[in-house]
1. Could you sort T76, T41, T107 by their accessible area in this structure, using a 1.4 Å probe and putting the largest first?
2. Add +1 for every Lys or Arg and -1 for every Asp or Glu among the other residues with Cβ under 13 Å from the Cβ of E73, and state the total.
3. Among G126, A113, Q99, flag the residue with its Cα farthest along the positive direction of the charge dipole of the stretch 82-131, charges on Cβ as +1 for Lys/Arg and -1 for Asp/Glu.
4. Using every alpha carbon pair in the stretch 64-125, what percent of pairs falls into each 10 Å bin from 0 up to the bin containing the largest distance?
5. Roughly speaking, what is the centre-to-centre gap between the stretch 25-57 and the stretch 87-131 when only Cα atoms are used, to the nearest Å?
6. For E48 and A75, what is the calculated FRET efficiency with R₀ set at 22 Å and r taken between the beta-carbons, to the nearest 0.05?
Amino acid sequence: MRGPLAPSHVPIAKSRGERFDDLVLDAVDRLKPRWGKQLATVEFAVEEVPPAADLGDGPGLLGGEPIPFGRSEPATGKRPAVVVIYRRPLEARARDREQLGALVHDTVVEQVAGLLGLSPETVDPGYEDEG
(Lines give C-alpha, C1' and ligand atoms only; values in the text may rest on other atoms or scores of the structure.)
Protein backbone atom coordinates (compact mmCIF):
# COMPACT_ATOMS: atom_id res chain seq x y z
CA MET A 1 0.00 0.00 0.00
CA ARG A 2 1.41 3.37 -1.03
CA GLY A 3 0.19 6.82 -0.24
CA PRO A 4 -0.29 9.03 2.79
CA LEU A 5 -0.99 7.43 6.15
CA ALA A 6 -3.37 10.21 7.16
CA PRO A 7 -5.51 12.74 5.31
CA SER A 8 -3.68 16.02 4.61
CA HIS A 9 -5.99 18.07 6.87
CA VAL A 10 -5.10 16.02 9.98
CA PRO A 11 -2.25 17.46 12.14
CA ILE A 12 -0.30 14.17 12.03
CA ALA A 13 0.10 14.65 8.27
CA LYS A 14 2.14 17.85 8.77
CA SER A 15 5.91 17.73 8.44
CA ARG A 16 8.21 18.87 11.25
CA GLY A 17 8.88 22.04 9.29
CA GLU A 18 5.17 22.78 8.90
CA ARG A 19 4.56 22.17 12.61
CA PHE A 20 7.45 24.53 13.43
CA ASP A 21 6.00 27.18 11.10
CA ASP A 22 2.72 26.85 13.01
CA LEU A 23 4.55 27.47 16.31
CA VAL A 24 6.05 30.68 14.89
CA LEU A 25 2.66 31.83 13.60
CA ASP A 26 1.10 31.08 17.00
CA ALA A 27 3.79 33.15 18.74
CA VAL A 28 3.19 36.08 16.38
CA ASP A 29 -0.59 35.79 16.82
CA ARG A 30 -0.14 36.00 20.60
CA LEU A 31 1.61 39.37 20.16
CA LYS A 32 -0.83 40.86 17.64
CA PRO A 33 -3.56 42.01 20.08
CA ARG A 34 -1.05 44.33 21.74
CA TRP A 35 1.42 45.04 18.91
CA GLY A 36 -0.64 44.48 15.75
CA LYS A 37 -0.05 47.98 14.35
CA GLN A 38 3.74 47.74 14.82
CA LEU A 39 3.87 44.19 13.40
CA ALA A 40 1.59 44.85 10.41
CA THR A 41 4.52 45.51 8.08
CA VAL A 42 6.99 43.04 9.61
CA GLU A 43 7.69 39.88 7.63
CA PHE A 44 8.27 36.71 9.64
CA ALA A 45 10.30 33.87 8.16
CA VAL A 46 11.74 30.52 9.17
CA GLU A 47 15.13 29.26 8.05
CA GLU A 48 16.67 25.89 8.86
CA VAL A 49 19.96 27.21 10.27
CA PRO A 50 21.70 30.56 10.60
CA PRO A 51 24.07 31.56 7.81
CA ALA A 52 27.71 30.70 8.47
CA ALA A 53 28.51 34.43 8.69
CA ASP A 54 26.26 34.70 11.77
CA LEU A 55 28.07 31.95 13.66
CA GLY A 56 30.77 32.81 16.15
CA ASP A 57 34.03 31.04 16.76
CA GLY A 58 33.05 29.04 19.83
CA PRO A 59 30.90 29.41 22.93
CA GLY A 60 30.53 32.71 24.68
CA LEU A 61 30.02 34.74 21.53
CA LEU A 62 26.78 36.20 20.23
CA GLY A 63 25.43 37.20 23.61
CA GLY A 64 26.32 33.93 25.30
CA GLU A 65 24.71 31.65 22.70
CA PRO A 66 27.10 29.97 20.26
CA ILE A 67 24.29 29.50 17.74
CA PRO A 68 21.60 32.19 17.39
CA PHE A 69 17.93 31.24 17.49
CA GLY A 70 16.83 34.13 15.30
CA ARG A 71 17.61 37.54 13.90
CA SER A 72 15.76 40.73 13.10
CA GLU A 73 16.49 43.35 10.47
CA PRO A 74 14.89 46.80 10.51
CA ALA A 75 13.11 48.15 7.47
CA THR A 76 15.34 49.89 4.96
CA GLY A 77 14.09 51.77 1.93
CA LYS A 78 11.45 49.64 0.25
CA ARG A 79 12.42 46.48 2.15
CA PRO A 80 10.17 45.76 5.16
CA ALA A 81 11.44 44.79 8.60
CA VAL A 82 12.13 41.05 8.89
CA VAL A 83 12.22 38.59 11.78
CA VAL A 84 13.84 35.25 10.99
CA ILE A 85 13.57 32.25 13.33
CA TYR A 86 16.04 29.35 12.95
CA ARG A 87 14.33 25.97 13.21
CA ARG A 88 17.17 23.49 13.77
CA PRO A 89 18.90 25.22 16.72
CA LEU A 90 15.57 25.57 18.55
CA GLU A 91 14.57 21.96 17.88
CA ALA A 92 17.97 20.79 19.12
CA ARG A 93 17.58 22.74 22.38
CA ALA A 94 14.01 21.61 23.18
CA ARG A 95 13.29 18.44 25.17
CA ASP A 96 9.72 18.15 23.88
CA ARG A 97 7.07 19.93 21.83
CA GLU A 98 5.87 22.01 24.78
CA GLN A 99 9.34 23.33 25.49
CA LEU A 100 9.86 23.95 21.75
CA GLY A 101 6.72 26.09 21.68
CA ALA A 102 7.98 28.10 24.67
CA LEU A 103 11.43 28.56 23.10
CA VAL A 104 9.91 29.66 19.79
CA HIS A 105 7.65 32.14 21.57
CA ASP A 106 10.53 33.57 23.62
CA THR A 107 12.68 33.87 20.49
CA VAL A 108 9.93 35.69 18.59
CA VAL A 109 9.43 38.02 21.58
CA GLU A 110 13.19 38.73 21.79
CA GLN A 111 13.46 39.48 18.07
CA VAL A 112 10.37 41.71 18.04
CA ALA A 113 11.68 43.51 21.15
CA GLY A 114 15.00 44.15 19.41
CA LEU A 115 13.22 45.43 16.33
CA LEU A 116 11.00 47.79 18.36
CA GLY A 117 13.81 48.90 20.69
CA LEU A 118 11.98 47.57 23.75
CA SER A 119 12.68 44.99 26.42
CA PRO A 120 11.20 41.50 25.95
CA GLU A 121 9.23 42.00 29.18
CA THR A 122 7.59 45.09 27.65
CA VAL A 123 6.65 43.24 24.46
CA ASP A 124 5.25 40.28 26.43
CA PRO A 125 4.76 40.67 30.19
CA GLY A 126 4.71 36.85 30.46
CA TYR A 127 8.23 36.58 28.97
CA GLU A 128 10.66 34.71 31.17
CA ASP A 129 14.38 34.84 30.45
CA GLU A 130 15.63 31.45 31.59
CA GLY A 131 19.05 31.92 30.06
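The values are calculated or read from the model by the stated rules, or taken from the named source; none is laboratory data. Note that the structure is a prediction, hence the values are computed from the model and not measured. Ideal geometry is used to build each Cβ from the backbone, glycine not excepted, and the neighbour counts take in all protein chains shown. Side chains are part of the model used for accessible areas, which takes the heavy atoms of the whole protein and leaves out ligands, DNA and RNA. Shrake-Rupley method; radii C 1.70, N 1.55, O 1.52, S 1.80 Å.
1. Highest to lowest solvent-accessible surface, that is T41, T76, T107.
2. -1
3. Toward the positive end, the furthest listed residue is Q99.
4. Histogram of Cα-Cα distances, whole percents per bin: 22, 47, 27, 4, 0.
5. 10 Å
6. Working from the Cβ atoms, E equals 0.35.
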